[in-house]
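Single-structure report; data block below.
The values are calculated or read from the model by the stated rules, or taken from the named source; none is laboratory data. Since the model is a prediction, treat every value here as computed from it, not as a measurement. Positions of Cβ are generated from backbone atoms using ideal geometry, with glycine treated the same way; all protein chains shown enter the neighbour counts.
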Amino acid sequence: MAEPALLTAGELRQAYAAGELSPVEATQAALDRIDAYDKAVNAFCLVDPERALASARESEQRWQRGEPLGSVDGVPTSIKDLLPAKGWPTLRGSRLISPEQAWDVDAPATARLREQGAVLLGKTTTPEFGWKGVTDSLLCGPTGNPWDPSRTSGGSSGGSAAAVALGMGALTVGTDGGGSVRIPAGFSGIVTLKPTYGRVPLYPPSPFGTLSHVGPMTRTVTDAALLMDVITRPDVRDWSALGPPRGSYLEGLDDGVEGLRIAYSPRLGYADVDSEVDASVRAAVGVLAELGAIVEEVDPGFDDPIAAYHTLWFSGAAKVVLSHGEDVFDRIDPGLAEIAEEGRRMTALDYLDATQVRMDLGVRMGLFHQTYDLLVTPTLPRPAFEAGVEVPAGSGMRRWTEWTPFTYPFNLTQQPAASVPCGRTSSGLPIGLQVVGPRHSDAMVLRACRAFEAATPWRPPRPDDDWPSADGSSH
């Protein structure tokens, strides 16, 4: 058997059923990984070993009786610290929130995991209120990349990505308002899906409105599908949630891509892409063609919607900051203060103009998918850069959105969009392939990712081998 901390959720379930491994052993293995590696990457803002092991012992007893609660019973799991979990503070990466209050609410995803017996290890790091595409905060500091801790893991679900990649739990749940599960998945070499908006219920409502999605983050596509089966179950607290999905996301997952019409857009018509990223993604597209997909290189035909996205995103930032008072700007991340200040100067007409851009983009993509089943792009145009900064040094960029042009358009359109690892740079950093489908095609997106994954084996980072030493060389 492989090292318990690196078993998938599906493998753990099989091992529990066969009596080859217990949830207590698997949980202890995940906790040991946290002890070994989290000082380097800073993926967790809260770890609760006592509660996790108590939960694992309860799961062990259920498995011994042959009565598991569900498909993730006993699986070590973490929760991003934007999503509430009973008994733990949800500080959202901010010093504005006091931990000294009642914490008696589970987010829908947390509640569904708990109902199915998942072992919750703790909360993972986020930038303040999840406002940017990297993970650092005044509260918790920077989160490092699982392949090179001096680099960023991405964000805003960077702690979740680093945790899963390093075996600090098999499953985690993140949020995505502009790429926040796909960016860290691409930088960190894991699998994720930003589902169709509303497919995973969300509560409390996000101040960023209908840009915000909740999604699974895992080491394999099969685990992402399994986790989708859990977290897509209904919750009446989300007034905008979709109805229950039909069937399981595991059904048909291995049916392949033969005959699917796939559009490959290397730049979306406007992005600058690193040459190593471009080469890896082109090779990945070649694999999809070899698997029987009908691939055409074509752009979807829209201009960069960054200005409209900023209007919506910065307005949300103003809403969340000002809810804590007018006098808090000197106590928050300076970048968040800047965009919140811009956001509060925006008018209702500005917001409606941006919404019109969003609606027009949604129509365009709906028509595009009348011809193409899927759209594939790079997840990110460049590999991970140094940790602790919003934009790469010397890039001349001002905001995080400038280096992630492939992700936020599909928050505007609410389409499902996944990231799957498709290679590594010459310096060993992961490269991600983004797979986008029309709304409600989450299962097809996962199926395409699974076909690619099955044809291109991938392994998680091995810190002893992959982390560079102080002089920059590999161990």
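Among the residues of segment 146-180, the ones that are farther than 20 Å from R92 by Cα and part of a helix (DSSP H, G or I) come to 1 in all.
Would you check if T379 is of a type in the set (V, I, T), surrounded by fewer than 20 Cβ atoms within 10 Å (Cβ to Cβ), modelled with pLDDT of 95 or more and more than 17 Å from T210 (Cβ to Cβ)? No: the conditions fail for T379. Regarding D81, is this residue surrounded by fewer than 24 Cβ atoms within 10 Å (Cβ to Cβ) and either of a type in the set (D, E, K, R) or over 30 Å from A17 (Cα atoms) (or both)? Judged against the criteria, D81 is not a match. Evaluated against (1) of a type outside the set (D, E, K, R); (2) touching a residue at least 60 places away in the same chain (Cβ under 8 Å); (3) out of contact with any Asp or Glu (no Cβ under 6 Å at 6 or more places or on another chain); (4) more than 30 Å from F385 (Cα to Cα), L96 falls short on exactly one condition, (4). Restricting attention to segment 194-213 and to residues that are closer than 29 Å to L6 by Cα and out of contact with any His (no Cβ under 9 Å at 6 or more places or on another chain), the residue that is surrounded by the fewest Cβ atoms within 10 Å (Cβ to Cβ) turns out to be P201. Output the residues belonging to segment 93-115 that are touching a helix residue (DSSP H, G or I) at 6+ places or on another chain (Cβ under 7 Å) and under 15 Å from V214 (Cα atoms). Hits for segment 93-115 are D106, A109, R112, L113.
The requirement of being modelled with pLDDT of 95 or more and either part of a helix (DSSP H, G or I) or closer than 30 Å to E338 by Cα (or both) is satisfied by V134.
Exactly one residue out of V277, V287, V257 is in a helix (DSSP H, G or I), touching a Leu at 6+ places or on another chain (Cβ under 9 Å) and more than 23 Å from A118 (Cα to Cα), and it is V277. Are any residues in segment 39-54 of a type outside the set (V, I, T) and in contact with a helix residue (DSSP H, G or I) (Cβ under 8 Å, 6 or more places away or on another chain), and if so, which ones? Result: A40, N42, A43, F44, C45, P49, A52, L53. On the given criteria, is L349 surrounded by 22 or more Cβ atoms within 10 Å (Cβ to Cβ), at negative phi and of a type in the set (A, V, I, L, M, F, W, C)? Here the answer is no, as L349 does not meet what is asked.
Hey, does segment 357-380 have a residue that's of a type outside the set (S, T, N, Q), within 14 Å of I183 (Cβ to Cβ) and touching a residue at least 60 places away in the same chain (Cβ under 8 Å)? Yes, that holds for at least one residue.
Anything in segment 238-260 that is exposed (fewer than 15 other Cβ atoms within 10 Å of the Cβ) and either in contact with a strand residue (DSSP E or B) (Cβ under 7 Å, 6 or more places away or on another chain) or not hydroxyl-bearing (S, T, Y) (or both)? List them, or say none. Residues satisfying the conditions are W239, G243, P244, R246, G247, E251, D254, D255, E258, G259. A single member of E60, E20 is in contact (Cβ under 8 Å) with a residue 24 or more places away in the chain and not aliphatic (A, V, I, L, M), and it is E60. Any residue at all in segment 408-416 that's surrounded by fewer than 19 Cβ atoms within 10 Å (Cβ to Cβ) and among the β-branched types (V, I, T)? No, that holds for no residue.
Of the residues in segment 21-36, at least one is assigned to a loop (DSSP other than H, G, I, E, B), out of contact with any strand residue (DSSP E or B) (no Cβ under 8 Å at 6 or more places or on another chain) and either within 22 Å of G144 (Cα to Cα) or not small (G, A, S) (or both). Has segment 231-249 got any residue that is part of a helix (DSSP H, G or I), within 20 Å of the chain's Cα centre (by Cα) and under 30 Å from A43 (Cα atoms)? The answer is yes, given that some residue of segment 231-249 is part of a helix (DSSP H, G or I), within 20 Å of the chain's Cα centre (by Cα) and under 30 Å from A43 (Cα atoms). Residues of segment 64-101 that are closer than 15 Å to V173 by Cα and assigned to a loop (DSSP other than H, G, I, E, B): V72, V75, D81, L82, L83, P84, T90, R92.
In this entry, G159 passes the filter for residues that are surrounded by 24 or more Cβ atoms within 10 Å (Cβ to Cβ) and either at pLDDT 95 or above or among the polar types (S, T, N, Q) (or both). Among the conditions (1) part of a helix (DSSP H, G or I); (2) closer than 24 Å to R462 by Cα, Q61 misses just one, which is (2). Which residue is surrounded by the fewest Cβ atoms within 10 Å (Cβ to Cβ), if the candidates are limited to segment 102-111 and must be in a loop (DSSP other than H, G, I, E, B) and in contact with a strand residue (DSSP E or B) (Cβ under 8 Å, 6 or more places away or on another chain)? Once the filter is applied, the top-ranked residue is W103.
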